[in-house]
Structure formats: structure tokens, C-alpha cells
1. Would you be able to say whether some residue in region 243-255 is touching a residue at least 40 places away in the same chain (Cβ under 8 Å), more than 30 Å from L162 (Cα to Cα), among the aliphatic types (A, V, I, L, M) and in contact with a helix residue (DSSP H, G or I) (Cβ under 7 Å, 6 or more places away or on another chain)?
2. Select from region 206-235 the residues that are over 13 Å from F113 (Cβ atoms) and touching a Leu at 6+ places or on another chain (Cβ under 9 Å) and write down the one among them that is surrounded by the most Cβ atoms within 10 Å (Cβ to Cβ).
3. Taking the residues in region 133-144 that are farther than 27 Å from C94 by Cβ and assigned to a helix (DSSP H, G or I) as candidates, determine which candidate is farthest from the chain's Cα centre (by Cα).
4. When the residues of region 1-18 are filtered to those that are under 15 Å from V72 (Cβ atoms) and without any contact (Cβ under 8 Å) to a residue 40 or more places away in the chain, which remaining residue is surrounded by the most Cβ atoms within 10 Å (Cβ to Cβ)?
5. Of the residues L134, L156, L142, which single one is of a type in the set (A, V, I, L, M, F, W, C) and touching a residue at least 12 places away in the same chain (Cβ under 8 Å)?
6. Specify which of the listed residues (V119, V108) is at pLDDT 95 or above, assigned by TED's automatic domain parsing to the domain that holds F180, surrounded by 15 or more Cβ atoms within 10 Å (Cβ to Cβ) and in a loop (DSSP other than H, G, I, E, B).
7. Please give the number of the condition E219 fails out of (1) touching a residue at least 40 places away in the same chain (Cβ under 8 Å); (2) of a type outside the set (A, V, I, L, M); (3) part of a helix (DSSP H, G or I).
8. Is one or more of the residues making up region 201-214 of a type in the set (V, I, T) and more than 12 Å from the chain's Cα centre (by Cα)?
Amino acid sequence: MNFNYQLSPKVIAFIEKADLEEISIGCSRSQVFRIKKEKETFFLKIAQKGLLTSEYEKLKWLEGKLPVPKIVLYDYTHDTEYLITTSIKGEMVCSKYYLNNPEGGIKVIAEAFKKIYAVDITDCPFNVALDYKLALVENNVLHNLIHVEDLKEETLKRFGSLENILKYLKEHKFNSEYCFSHGDTSLPNIFASKDEFTGFIDVGESGIADKWFDLAICEKSIKRNYGEQYISKFYQELNIIPERDKIDYYLLMMELYL
């Protein structure tokens, strides 16, 4: 097995005599492995130190509030972090089953959002609202982590540069409708078993934020996986009238995300 990082002794002990498979789906900056051990399945994430701290803290806070993986082991060295969690029952709502049954997938996704909205944010210590997100994208632009050639053709035609997009986003902020936010509600992060929502993965960007951010991310992912015609069905299931200006604002912001 090819590891990009040196393993800690605790991780080495845990994966001894286990079967490992590297997982490449998603846009994570971590190296991810599926572990099969004693008839159970676990997941191991390995990343540069600091990149898994947020997910570890949020998994702890979310226990009992949302169906998310349980922490089995968290460890770190001077430059690397390791997180081993249990698996979520079911499969991604972009699996072959749901691609062939998008109507059922939409119902599951809507149920997942209802679970998100049910999380009480009164004592939530994690703020990932608009100013936090703008700081992230500004950092990406200032440090040349995003390139003009990565932009959509129509975006480049409209704005001309990354700096102009950032300026637009800063000048067109709006009042947020705060709720708990998963932070990356793309279909690979939502799990289900047939018509039953079973849980979320990848909660490192979760916290208090504007509800339209998660909706925009999910809309983009539904379009990519199921087709544009299912976007309206998604909002119908949630009984939400989409506010296009806010959704389009976040879709534009996502072009400056890593």
C-alpha cells in the first residue's frame, strides 16, 4: 500500500492484519483508505497536521445530533494527523442505484437536509458563515491557489479576473439565514440505504452558516449527477422557493474554492 505520509505507531497497530483500499472519490486534501478488519469497515484519513483537526472536533460535537461516523482513533505527529472512524451504513446517493433511481435519491437528500435543519445551533462553537468563507477564497486568490483557467468560460467573460470576482463577492454580501450547515452537501457526502437516509461524511467545514450555501452546493451536485431537471424537484421536496440571487452568489464563490 502506498502511503504519502509516515504512519504513527498507533495507526500501524490498528491496521495490522487488516485489508486496506485507497479511496480516491471526492476532493479531499487527505489520503483516505477503507479498512476492513474483523468483519467491520473503518475509514482512515491521513493529512498534513492541521487539516483534520476541524473534522475531529466537529465529529465529537455532532455525536448524538446528526448521523455521522464515530471516532475510533485520532492521532498526530509533528507534521501529520490521522483520523480513523466507523463507516456509515448504506451508500452514497450518487451510487449506481441512485443514478438509476434519481427520484428516490432526491427524497433521501431532502430528508438529509431536514436533519441538518433540526440541529440546534444555540451552543454551536463553529462559525463558518459568509465572512469565514470569503476569507478562505481571498486566501486562495492571494496565494495563487486558484487559476484563471480553472474558471468557467462565462465567469471569465463576465469578470475578467479572479480579483474582480473576489471584489464582487465582497461588495454583494447579503443578510444570512443562519442554521447548522454541513459545509459540503455534495452527493458523495450523503449516504442512504434504499429510501432511508443513513448519514453524512466529511463534516470538517460544518458549523453555523447561511442555509443557501448548502443548498447551492447540493444543487450543483444534483445537476452533475442526476441532471438539471431534478433541481426543481429537490426544492419542491423541501418546500423551498429558491432565491436565485443567493444561490448564484454561492455558485460563483465555489469557483474560488479548492
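The values are calculated or read from the model by the stated rules, or taken from the named source; none is laboratory data. Predicted, not measured: the structure shown is a model, and the values here were computed from it. Cβ: placed from backbone, ideal geometry, glycine included. Neighbour counts: every protein chain shown.
1. no
2. Across region 206-235, the extreme among qualifying residues is S206.
3. L142
4. Filtering first and then ranking leaves I15.
5. L134
6. Step by step, each of V119, V108 is checked, and only V119 is at pLDDT 95 or above, assigned by TED's automatic domain parsing to the domain that holds F180, surrounded by 15 or more Cβ atoms within 10 Å (Cβ to Cβ) and in a loop (DSSP other than H, G, I, E, B).
7. Status for E219: all satisfied but (1).
8. Checked region 201-214: at least one residue is of a type in the set (V, I, T) and more than 12 Å from the chain's Cα centre (by Cα).
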